[in-house]
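Read the structure below first, then the notes.
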Amino acid sequence: MKCRFCFVKTVLAGGVAVLGAALAAAPSARAQNIRVVNGTAFWDVDPGPIDPGPYWTSGLYKYDPNGYMERNPRDPDQIHEMTVYAAHSGKENCVFRKRVVHSNWDFQQLYLRVCRK
């Protein structure tokens, strides 16, 4: 009886240890795909086929590269970039990446353009 209790206790402790290690490793694996450039957080993986929205497809970026027309003067969080310059894994000079959503603004402008210098 005593050995059976020790066996069950050992198996449960081992299972808890494995589960704890798996849960601890999962966030760090996801965090490896997040990059922050100039305070803007984005996923550094190819998002696949995207619809970047009217800001990019209408040619608005050509006339407003810093996105000043997108800003609301009453919004306390005024630092939003539509393009950041950093190294990336894409073949093109500029690629789109999904933002890490922290606010409603990030949710509404889901994509960020990352360009090499």
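Numbers below:
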item	result
Extreme residue, farthest from V84 (Cα to Cα), among residues of region 31-44 that are modelled with pLDDT of 80 or more and surrounded by fewer than 13 Cβ atoms within 10 Å (Cβ to Cβ)	N33
Qualifying residue in region 77-95 (condition: within 13 Å of the chain's Cα centre (by Cα) and modelled with pLDDT of 80 or more)	no
Within region 52-66, considering residues that are within 20 Å of the chain's Cα centre (by Cα) and in a loop (DSSP other than H, G, I, E, B), the one surrounded by the most Cβ atoms within 10 Å (Cβ to Cβ)	P52
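The values are calculated or read from the model by the stated rules, or taken from the named source; none is laboratory data. Computed from a predicted model, the values in this text were never measured in an experiment. Virtual Cβ from ideal backbone geometry, glycine too; neighbours counted across all protein chains shown.
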